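Single-structure report; data block below.
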Amino acid sequence: MENSTSEDALRYAVLAYRYGYGLSKETLAQIAERTDYDDEVLAYYEYFKTGSFPKLIETKAWDVYDERILNVLKDSLSIDGTSPAALVDLFDRPAAANDWNVEGGSVRSELIERVKTLLINDWRNRGFFYQWCEKYSIGVSEEDIPLYAEFLTGVCESSSNIELKRSSQIESSFFVPEVDLSTVPVELVLAICYRESRFFPAAFRCEVENGSVRAVSVGLGQILADADSLLNTDGKKDLYTFELLNLHYFENLFEAVDLAQIKTSVLFCRTVLALLIEKFR
């Protein structure tokens, strides 16, 4: 990747994104033998780079284990007239600080077309993206999809211009003092987000333990957060990926519901990938 990260290292980073950033290469190699996750992400990575269309895998929307999560995320969305398409307007809220809302240059037209192709295919086949739009009662027409594809691609492109400094005092081999998000190719961000959420910004899945929702994966990159961070209960919050990144790099300025917003979700997703690339380089 970018002539500095081997294919094996990239595969480790992809697997660790899904199965745990603390896992060793040996453990990840064992996981690779029983999952197609890394193969699928890398197939979409190649697609976004070259346009070589991968074999599509039909995916149904996850069951909503807890209606409270759906309602909380629905209540966090609002139309403010910043975009002519509701599909963009609901999810275009700026990130919590100006430093994280970098405007990019020209967005590559071929990348927009590749994103649009996947979205339209899903829409026409009433797939995962279509099903989540129905869950949120979002009226979408096929004419809205090019606007959404352009906005999403633009956010992914511009986030490559961000450098983060750790704001906490922790000593950690993983949460390094400085993170350069340009080390993560735009195509990899898109591949992860497409595999995780099929590009629906407020998709989520619940992690259920003993019949209770303990954690929730939210947004384009399905960043894991404690359920209490979304439900605002008085319970003690466990430190999952969202809480840790929020603490170490974002001065606790974000709320978990912000992960349903495109700029924030891409920022968190890209930060995890940058840390993993650094780990396995």
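Here, each number is a calculation from the coordinates, and none is a lab measurement. Values in this document were obtained by computation on a predicted structure and should not be read as measured data. Because the Cβ atoms are built from the backbone with ideal geometry, glycine has one as well, and the counts that use them run over all protein chains shown.
Key figures
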quantity	calculated
Cα centre as origin, Lys/Arg/Asp/Glu Cβ charges: the stretch 1-54 dipole, Debye	140
DSSP H segments from the chain that extend 15 Å or more along their own axis, Cα-based, with Kyte-Doolittle mean of 0.0 or above	145-158, 186-197, 262-280
For the stretch 1-139: rounded, prolate or oblate by the Cα gyration tensor [a/c cutoff 1.5]	prolate
Added length on full extension, which subtracts the Cα-Cα distance from 0.36 nm per residue, Asp238 to Asn98	47.6 nm
Rough spin-label spacing in nm, given labels placed 7 Å along Cα→Cβ, for Glu113 and Ser173	4.6
FRET efficiency for Asp39 and Glu251, using Cβ-Cβ distance with R0 set to 25 Å, rounded to 0.05	0.10
Unit charges at the beta carbon, dipole of the chain: most positive-side option, Leu42, Ile162, Val266	Leu42
Top positive-direction residue, dipole computed over the stretch 61-194 with Cβ charges, set Tyr65, Val184, Asn101	Tyr65
Listed residue pairs exceeding 32 Å between alpha carbons, taken from Lys55/Lys135; Lys135/Lys279; Lys25/Lys116; Lys55/Lys236	Lys135/Lys279; Lys25/Lys116; Lys55/Lys236
Read-out Cα Rg over 2.2 N^0.38 Å, derived from the coordinates shown; its label in (1) 1.08; (2) 1.30; (3) 0.95	(3)
Neighbourhood charge, 10 Å Cβ-Cβ cut-off, centred on Ser83 and excluding it, Lys, Arg +1 and Asp, Glu -1	-4
Mean Cα-pair separation over length for the chain, i.e. relative contact order, pairs under 8 Å, 6 or more apart, %	23
Residues of the stretch 251-268 with amide N under 19 Å of a point placed 7 Å along Cα→Cβ from Ile79	261-262
Amide N proximity, the stretch 182-225 versus Glu163 label position 7 Å along Cα-to-Cβ, cut-off under 18 Å	182-185
Only Lys, Arg (+1) and Asp, Glu (-1) charged, at Cβ; the chain dipole about Cα centre in debye	340
Cut-off of 10 Å, at most 11 other beta carbons, DSSP loop: longest stretch of the chain lacking such GluC sites (Glu not before Pro)	172-281
Top positive-direction residue, dipole computed over the chain with Cβ charges, set Ile112, Tyr240, Ala16	Ala16
